[in-house]
Amino acid sequence: MIRLSIIILAILLVLESLLAQSRPADSLTVDEAIKLAIARHPLVEQASEAVQASVARVQQSRSSYYPVSDVELSYVRLAPIPALSIPGMGKFKLYPENNYDEHIVLRQTIYDFGRTSSGVELSESNVEIANDNVGLVRTSLAFQTAQTFYAILFLRQSIQVQTRQIDVLNQHLIVAQKKVQAGTATDFDVLTTQVRIAAAQNKNLDLQNELQKQEASLRRLLNVPVDAEVRLRGEFTYVPVTPDLDSLMVLAKEQRVELKLAHDAARTAELQQRVVSRRDMPALKFSLAYGLKNGYIPNLDVLRGNLAVALQASIPVFNGFRTR
């Protein structure tokens with residue numbers, strides 16, 4: 001009985017832990033909001049998948065270093081068949097009517113003057129760009145989340161201030177109305193106060209509408225349901241800063257992801273130019289084929305083993321100005 005109680009208690013503790021993990025936090029700080037945005041936003045996942053695709057393209061470009069093997073099967077029917085007539089020996093065909101050829105071929109590029117290596121370097125450069133893009137997406141999400149976070153806090157405090165101002169104006173309106181009744185004030189004071197109350201209420205409505213927009217933006221950044229409650233925890237604090245413009249410029253040039261992305265893009269463009277320029281370079285290839293084939297004298301219909309070894313040099317002469 002005691003063991004059963006312990007097991008039930010352990011199960012309840014586990015369920016409580018899982019429920020606590022699934023429930024949203026009561027309130028979020030700006031750091032927690034940024035972490036959630038980076039962890040949940042689909043743009044980060046999209047950029048990460050782009051990195052995996054770029055890595056796969058590197059492997060694809062490196063495959064040109066490896067040999068290629070094929071099994072080739074062919075059948076050819078020839079007609080008419082040339083033949084020789086030898087007196088006393090009869091008529092001999094030079095080729096069989098039915099030609100069969102089954103062989104396995106191995107092809108390997110020996111040297112292509114940097115065409116393959118340039119393609120690999122270009123693919124690796126695209127991986128760097130994809131990684132930089134992940135950092136750029138995360139930085140952009142962090143900035144947008146922080147900006148929206150503090151905009152919500154500011155709007156909520158502004159609404160509170162505006163509400164207190166409306167309350168004060170309403171109290172002032174009651175006093176002005178009593179003074180008019182007592183004959184110590186005119187209707188102009190009441191009318192002026194009513195106008196100020198209407199203007200304050202309109203401004204309060206504008207602040208509430210803007211608050212709803214900012215909360216919707218934060219839900220989109222955090223990738224939460226549209227009806228989820230937005231609970232934030234933070235405050236505005238004044239911290240005096242004396243910036244050094246020169247040091248900030250140096251730091252920005254070293255750390256801004258956009259600059260690194262631009263440098264990588266420039267390097268990628270140079271590699272693309274190099275890849276294209278290598279298309280006019282010659283290539284040296286080796287091939288080896290072994291299989292069965294008929295058509296050998298004296299018995300043309302018997303399949304026999306055969307071997308073919310070739311060394312081929314391909315030298316481009318004219319390609320219709322494609323490279324240029």
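The values are calculated or read from the model by the stated rules, or taken from the named source; none is laboratory data. The structure displayed is predicted, hence computed values, not measured ones. Cβ coordinates were reconstructed from backbone atoms using ideal geometry, including for glycine residues, and neighbour counts include every protein chain displayed. Accessible surface is based on the protein model in full, side chains and every heavy atom, while ligands, DNA and RNA are left aside. Shrake-Rupley method; radii C 1.70, N 1.55, O 1.52, S 1.80 Å.
General observations
Yes/no per residue for (1) open to solvent by 90 Å² or more (accessible area, probe 1.4 Å); (2) over 21 Å from ALA142 (Cα atoms); (3) assigned to a strand (DSSP E or B):
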position: VAL230; (1), (2), (3): no, no, no
position: GLY234; (1), (2), (3): no, no, no
position: VAL241; (1), (2), (3): yes, yes, no
position: ASP246; (1), (2), (3): yes, yes, no
position: HIS263; (1), (2), (3): yes, yes, no
position: GLU270; (1), (2), (3): yes, yes, no
position: ARG279; (1), (2), (3): yes, yes, no
position: VAL302; (1), (2), (3): no, yes, no
position: LEU311; (1), (2), (3): yes, yes, yes
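- Candidates VAL55, VAL76, VAL44, filtered to the one that is among the aliphatic types (A, V, I, L, M) and touching a strand residue (DSSP E or B) at 6+ places or on another chain (Cβ under 6 Å): VAL76
- When THR323 is tested against (1) polar (S, T, N, Q); (2) open to solvent by 60 Å² or more (accessible area, probe 1.4 Å); (3) closer than 30 Å to GLY114 by Cα; (4) part of a loop (DSSP other than H, G, I, E, B), only condition (2) is not met.
- Residue check, GLU254 surrounded by fewer than 11 Cβ atoms within 10 Å (Cβ to Cβ), among the charged types (D, E, K, R) and within 26 Å of the chain's Cα centre (by Cα): yes
- Any hit, the stretch 159-173, residues being under 30 Å from ASP206 (Cβ atoms), open to solvent by 80 Å² or more (accessible area, probe 1.4 Å), free of Cβ contacts under 8 Å to residues at least 24 places away in the same chain and in contact with a helix residue (DSSP H, G or I) (Cβ under 9 Å, 6 or more places away or on another chain): yes
- Any hit, the stretch 175-182, residues being in contact with a strand residue (DSSP E or B) (Cβ under 7 Å, 6 or more places away or on another chain) and in a helix (DSSP H, G or I): no
- In summary, VAL51 fulfils each of the numbered conditions (1) out of contact with any helix residue (DSSP H, G or I) (no Cβ under 8 Å at 6 or more places or on another chain); (2) at pLDDT 75 or above; (3) assigned to a helix (DSSP H, G or I); (4) open to solvent by less than 60 Å² (accessible area, probe 1.4 Å) with the single exception of condition (1).
- Residue that is nearest to ARG304 (Cα to Cα) [pool: residues in the stretch 89-123 that are part of a helix (DSSP H, G or I) and open to solvent by less than 70 Å² (accessible area, probe 1.4 Å)]: THR116
- The stretch 101-158, residues that are of a type in the set (Gly, Ala, Ser) and more than 30 Å from ARG62 (Cα to Cα): SER140, ALA142, ALA146, ALA151, SER158
- Scanning the stretch 70-88 for residues that are open to solvent by 70 Å² or more (accessible area, probe 1.4 Å), small (Gly, Ala, Ser) and outside any loop (DSSP other than H, G, I, E, B) yields a single hit, SER85.
- LYS213 being under 24 Å from the mean Cα position of the chain (by Cα) and in a helix (DSSP H, G or I): no
- Scanning the stretch 281-292 for residues being under 20 Å from TYR100 (Cβ atoms) and open to solvent by 70 Å² or more (accessible area, probe 1.4 Å) gives a total of 2.
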